[in-house]
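Here is the structure we will look at.
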Amino acid sequence: MRVNSCNTIIVLMRLTFLIVLSFVTNIAFSQGKTLNEKKNTALTPAYIDQQLNDAVSQTKVLSALLPKDKIPRTFQGDTLVTSSAGWWTSGFYPGLVWYLYEFSRDSALLRIAQDKTALLESQKLNTRTHDLGFMLYCSFGNALRITRDTAKYKEILVTGAQSLASRFNPTVGAIRSWNMPSFPVIIDNMMNLEFLLEVSKLSNNQYLTNIALEHANTTMKNHFRTDYSCYHVIDYNPEDGRVIKKKTAQGAHDESSWARGQAWALYGYTMMYRETGYQKYLDFARKIAGFILNHPNMPTNLIPYWDFDAPNLSDTHKFHSYKENADASTASVLASALIELGTFTNNKEQDLYFSKAEKILYNLSRPPYKAKIGTNGGFILRHSVGSIPGKVEIDAPLTYADYYYVEALMRYKKVLQIYNNSI
């Protein structure tokens, strides 16, 4: 703590999720209203615990349906859709179960988390994907954070981070996303930088931090429009680093604002501020949040459409029939990001971010988004969108929607614990 000239105590607690022994959650507040002054928290500890207990029950339903060697992706019709370890979403289910074990200390969940995480070890050598943060950090990163078993998990994380780093091109200043003749970089890649930053600390490898910083800075420079919305894909020339094209693969059109991409961006730059303390990342995250929260097409329940421009599509547009599809996965990522962003701000701005996150969590935690226990194939949330242009996982449960929903609940629970311990 430090004291300013008015002798006002400034509570400095930073919400960090480290994979080393110091990996604990602290909450950061700067001058102004501190957490113990925030009396109007909307969601109670009992309410949050009920949602987490329901998630435990639902996850056990899914586990009973799941083959031992598979990872869940979605549930469509009456069919559980699974993947192998090499699919980009493979780390979310193990990570989800680790979070729920952390909450419940249920030994059955620990066994599930360990078994499903172990399936992914081979991916530490996978240099063909940029998604290793999703795949390995959500799974093995949470495993190390919770168990602190460095002997079991450190090498896997270090090797995996080195595999991810092999995709970095210093001329472009970014990590390659897809394997194409050009050098495509998608906004999703911001979510994999936390993996590099944490393993950098774990292994004392500054090069990994340098890569993360350069990728974040290149993305800040080239991915964003003047209103702080972002493109989904930037195609670079790998030889000279020139931008070839700005486009989308999952949005309504190249100049639209694909909703989950905006949420990835907010989460990513908030995380970059947490990890580095660089003010420019916090300022940028605030501007992204402003675009999202003030968008005229944001529904009143704060569960975004799959694309912020979807309601404006003409009757002749190829995706016109999906104008009103909401995406619970975007809402889950957004809620988690806003809770963390709120911890780095104060006064009315802090209240804004917390209140929006609370509203999202409240609406996700009831029909039509939250499934009844025993239904929905064991997935927690309904009504997400994988890819409308790709014609996959439309109006379906998604493993990453559940992951970020539970992460948001756990982050909010820690906020409440700090508040309750301070009064």
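The values are calculated or read from the model by the stated rules, or taken from the named source; none is laboratory data. Remember, it's a predicted structure, so these values are computed and weren't measured experimentally. Cβ atoms come from the backbone with ideal geometry, glycine included; neighbour counts cover every protein chain shown.
Just a few scattered comments:
- When every residue of segment 289-297 is checked against the conditions, at least one turns out to be more than 23 Å from Asp402 (Cα to Cα), within 20 Å of the chain's Cα centre (by Cα) and at pLDDT 95 or above.
- Any hit, segment 378-399, residues being closer than 18 Å to Pro72 by Cα, part of a helix (DSSP H, G or I) and under 19 Å from the mean Cα position of the chain (by Cα): yes
- Residues satisfying the stated conditions in segment 90-114, i.e. touching a residue at least 24 places away in the same chain (Cβ under 8 Å) and hydrophobic (A, V, I, L, M, F, W, C): Phe92, Leu96, Val97, Trp98, Leu100, Phe103, Ala108, Leu109, Ile112, Ala113
- Criterion: among the basic types (Lys, Arg), within 27 Å of Gly390 (Cα to Cα) and at pLDDT 95 or above - qualifying residue of Arg260, Arg366, Arg274: Arg260
- Any hit, segment 258-270, residues being surrounded by fewer than 18 Cβ atoms within 10 Å (Cβ to Cβ) and among the aromatic types (Phe, Trp, Tyr): no
This table checks each residue for (1) surrounded by fewer than 18 Cβ atoms within 10 Å (Cβ to Cβ); (2) modelled with pLDDT under 95; (3) more than 26 Å from Glu393 (Cβ to Cβ); (4) not polar (S, T, N, Q).
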| site | (1), (2), (3), (4) |
| --- | --- |
| Asp327 | no, no, no, yes |
| Ser336 | no, no, no, no |
| Leu341 | no, no, yes, yes |
| Leu352 | yes, no, yes, yes |
| Leu361 | no, no, no, yes |
| Lys372 | yes, no, no, yes |
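- Lys414 meets each of the listed conditions (1) buried (at least 20 other Cβ atoms within 10 Å of the Cβ); (2) modelled with pLDDT of 95 or more apart from (1).
Residue by residue, here is whether (1) assigned to a helix (DSSP H, G or I); (2) of a type outside the set (Lys, Arg) holds:
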{"site": "Gln51", "(1), (2)": "yes, yes"}
{"site": "Asp54", "(1), (2)": "yes, yes"}
{"site": "Lys60", "(1), (2)": "yes, no"}
{"site": "Ala64", "(1), (2)": "yes, yes"}
{"site": "Phe75", "(1), (2)": "no, yes"}
{"site": "Thr82", "(1), (2)": "no, yes"}
{"site": "Trp88", "(1), (2)": "no, yes"}
{"site": "Pro94", "(1), (2)": "yes, yes"}
{"site": "Tyr99", "(1), (2)": "yes, yes"}
